[in-house]
Amino acid sequence: MNVAAVSALSPAETVFAYHARTKHSLKRYAAGPETLDWDMQPNPFREFEGCARTELELGAGRLGTGFAQASTPGGVSAAALTIESLASLLELSMGLSAWKEYGPDRWAVRCNPSSGNLHPTEAYVFSSNVPGIHDGVYHYLSRDHALELRYESDNRPEAPARLWIGLSSVHWREAWKYGERAFRYCQLDVGHALGALRYAAGALGWSATLIEHVDSAELAAIMGLDRADAFAGAEREEADLLIAIETAPGTNPAAERFPAFVRHGDGNRWAGRANLLDPHPLYRWPVIEQVSQATQGRYTGLPSEFPDYPPRRPTDEARAAEVILGRRSAQRFDSKYRMSADTLYRMLDGLLDRPNAPWDVWNFAPRVHPVLFVHRVEGLDPGVYALPRHPAAADALRAQMRGDFEWQNPENVPAHLPFYRLSRTDCRIIARTMNCHQAIASDSCFSLSMLGEFEPVVSANPWRYRQLHWEAGLIGHALYLEAEAEGLRGTGIGCYFDDALHEVLGLTTTQFQSLYHFTVGRPLTDDRISTLPAYPGRQVPPLGETPA
Ligand SMILES: Cc1cc2nc3c(=O)[nH]c(=O)nc-3n(C[C@H](O)[C@H](O)[C@H](O)COP(=O)(O)O)c2cc1C
């Protein structure tokens with residue numbers, strides 16, 4: 001496709017063309033930089049000059065909530081909404097969890113994962129009458145665990161305490177390394193960040209809800225991202241989504257859509273100039289801007305109901321904070337280790353659409369369905385399996401996939417789990433090859449591809465191209481944390497050969513497309529890499545002073 005010809009296309013056509021041209025194939029990778037100078041990597045930390053800063057307290061690691069409790073609304077009593085509990089929410093979602101060091105290299109890792117550790121996602125806090133902090137819009141600077149006041153509002157003591165978090169993406173951070181495919185990775189990262197916020201809210205006894213009916217342009221305005229003066233000479237950020245944090249039953253800020261003070265705000269109250277992240281960008285990838293434009297908008301459908309699954313059985317004693325702060329991507333797996341079928345089924349159960357974390361974050365019916373490549377699971381034949389996350393998807397997948405697939409439930413599968421064996425086969429070589437020849441896809445216990453209901457959903461509303469990736473990111477995030485809670489480890493996989501995978505499954509149309517891959521097993525750790533504290537030199541308050 002000629003890039004200049006794109007403007008003649010409708011938004012949906014632009015998305016389809018973008019998706020097609022950013023497929024990796026066995027013959028060629030999607031367009032990206034030919035060389036990378038790692039010393040010229042964009043600054044991973046956005047900050048705003050000329051804003052008042054508030055350093056936040058640390059100590060979320062001490063929260064006692066169990067991981068299972070954090071996933072269950074009402075599982076633990078809600079912490080009072082104050083600046084300290086807000087600090088814990090941010091620490092456990094968008095905060096740093098460690099610095100890593102290897103030879104002369106030093107890099108930060110965070111609670112939310114990111115393709116290539118490039119972290120294009122930025123977070124904005126909207127606080128209204130939260131004790132300890134002025135009303136306004138703040139940018140969260142993860143490097144310092146600090147808030148930068150970008151818009152100061154008048155405090156209204158009579159107003160209830162409310163909290164919202166907005167997410168945005170700096171596409172260039174990701175495009176610097178991944179070129180045209182980067183828009184997909186940015187959206188997957190947003191899905192992970194959404195999941196990270198939902199689980200962090202759960203650790204505090206709170207929940208989180210995506211505000212669906214806010215348009216991208218409105219979002220950019222309330223986050224101050226459309227202010228030319230603030231971003232002059234620096235990389236722009238694209239608004240992605242707004243989440244209402246419900247901190248006490250019956251105080252759902254989602255009902256208010258977004259804080260009144262920014263809607264009727266005073267344009268002169270904005271402060272701060274964004275820092276320049278990459279002074280010497282070597283490439284430009286105009287299709288990212290085009291697909292970003294084509295997917296502006298908002299949700300326009302009706303809310304869906306949760307299906308009736310039996311409640312999850314809590315089994316773990318792991319603390320949520322420990323799981324969240326300990327989450328890492330496995331870089332290598334123990335290829336001798338076999339996980340139990342019970343563990344696999346517990347993890348898959350966590351992907352079903354129930355009114356608990358992270359699925360209660362929105363009202364969308366599931367549109368993304370894992371297809372597993374099982375390598376090493378005790379009591380389960382190696383092979384290809386499917387987990388359609390709603391009943392109609394099973395029929396649609398069956399109609400689209402290879403005619404010789406079995407569609408049989410394995411003998412020992414829990415009755416409510418829609419888990420089907422498609423084919424008994426050793427799929428290690430296929431999995432490795434499909435995933436850009438990465439051994440993490442074949443040395444693990446299982447890897448998977450997430451098939452999104454693609455063409456019908458995106459044709460009806462191109463904005464849903466983003467949301468499908470957010471759903472895939474949420475699945476990935478649930479898998480990361482579920483694996484960690486089981487003493488295993490996962491890794492997101494953005495690099496895979498799209499159509500080669502579709503061919504293996506017999507998919508010949510774009511009704512379904514693979515949007516993200518993942519792998520889970522027992523990790524092998526690299527002892528040469530040292531781990532240092534996330535915030536060296538910063539005091540953690542004594543026990544009893546952390547939000548409980
Ligand atoms: C969307 C996405 C795609 C990723 N793709 C790959 C991949 O193809 N191969 C890989 O080894 N790791 C992949 N990762 C893992 C990242 O490299 C990892 O999250 C990052 O280095 C940060 O490390 P952490 O997860 O331990 O915080 C991916 C992660 C995400 C979120």
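The values are calculated or read from the model by the stated rules, or taken from the named source; none is laboratory data. All values derive from a computational prediction rather than experimental measurement. No Cβ is skipped: glycine too gets one built from the backbone with ideal geometry, and neighbour counts run over all protein chains shown. For the accessible areas, the whole protein counts, side chains as well, though only heavy atoms, and no ligand, DNA or RNA atoms are used. Shrake-Rupley method; radii C 1.70, N 1.55, O 1.52, S 1.80 Å.
Counting just the residues of region 476-487 that are small (Gly, Ala, Ser) and away from the ligand (no atom under 14 Å from the Cβ), which one comes out least open to solvent (accessible area, probe 1.4 Å)? Walk me through it before giving the result.
To start, the set of residues in region 476-487 that are small (Gly, Ala, Ser) comprises 476, 478, 483, 485, 487.
Checking the rest, the ones that are also away from the ligand (no atom under 14 Å from the Cβ) come to 485, 487.
On the way: 485: 25, 487: 56 Å².
Checked region 476-487; the qualifying residue least open to solvent (accessible area, probe 1.4 Å) is 485.
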So which helices (runs of 4 or more DSSP H) stay within region 67-179 end to end and still have 2 or more residues that are over 15 Å from residue 206 (Cα atoms) and within 20 Å of the chain's Cα centre (by Cα)?
171-178
I want to confirm something. Restricting to region 530-548 and keeping residues that are among the aliphatic types (A, V, I, L, M) and at pLDDT 90 or above, which single residue is least open to solvent (accessible area, probe 1.4 Å)?
534
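Conditions tested, residue by residue: (1) touching a Cys at 6+ places or on another chain (Cβ under 9 Å); (2) within 16 Å of the ligand (Cβ to nearest atom).
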{"residue": "307", "(1), (2)": "no, no"}
{"residue": "311", "(1), (2)": "no, no"}
{"residue": "326", "(1), (2)": "no, yes"}
{"residue": "333", "(1), (2)": "yes, yes"}
{"residue": "337", "(1), (2)": "yes, no"}
{"residue": "347", "(1), (2)": "no, no"}
{"residue": "358", "(1), (2)": "no, yes"}
{"residue": "367", "(1), (2)": "no, no"}
Selection count where residues are open to solvent by less than 10 Å² (accessible area, probe 1.4 Å), under 21 Å from residue 196 (Cα atoms) and in contact with a helix residue (DSSP H, G or I) (Cβ under 6 Å, 6 or more places away or on another chain), scope region 488-529
5
Is one or more of the residues making up region 429-445 charged (D, E, K, R), in a loop (DSSP other than H, G, I, E, B) and touching an Asp or Glu at 6+ places or on another chain (Cβ under 9 Å)?
yes
Failed item in (1) modelled with pLDDT of 95 or more; (2) farther than 19 Å from residue 55 by Cα; (3) under 19 Å from the mean Cα position of the chain (by Cα); (4) outside any loop (DSSP other than H, G, I, E, B), with residue 209 passing the rest:
(1)
Looking at 385, 345 in this structure, which one is touching a Leu at 6+ places or on another chain (Cβ under 9 Å), within 30 Å of residue 320 (Cβ to Cβ), at pLDDT 95 or above and surrounded by fewer than 19 Cβ atoms within 10 Å (Cβ to Cβ)?
345
Looking at 122, 180, 148, 152, can you tell me which residue is under 17 Å from residue 43 (Cα atoms) and of a type in the set (Asp, Glu)?
122
Within region 359-382, identify whether any single residue is open to solvent by 30 Å² or more (accessible area, probe 1.4 Å), within 19 Å of residue 454 (Cβ to Cβ) and of a type outside the set (A, V, I, L, M, F, W, C), and answer yes or no.
yes
Quick test for you: out of 473, 490, 452, pick the one residue that is within 13 Å of the ligand (Cβ to nearest atom), assigned to a strand (DSSP E or B) and among the small types (Gly, Ala, Ser).
490
Would a scan of region 404-424 turn up a residue that is crowded, with 22+ Cβ neighbours inside 10 Å and in a loop (DSSP other than H, G, I, E, B)?
no
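Go through region 161-179 and count every residue that is open to solvent by 10 Å² or more (accessible area, probe 1.4 Å) and either within 11 Å of the ligand (Cβ to nearest atom) or at pLDDT 95 or above (or both). Full working, then the answer.
Our first condition is that a residue be open to solvent by 10 Å² or more (accessible area, probe 1.4 Å); within region 161-179, this holds for 161-162, 171-172, 176-178.
From what's left, either within 11 Å of the ligand (Cβ to nearest atom) or at pLDDT 95 or above (or both): 171-172, 176-178.
So the answer is 5.
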Within region 88-99, does at least one residue satisfy the condition of being away from the ligand (no atom under 16 Å from the Cβ), open to solvent by 50 Å² or more (accessible area, probe 1.4 Å) and out of contact with any strand residue (DSSP E or B) (no Cβ under 9 Å at 6 or more places or on another chain)?
no
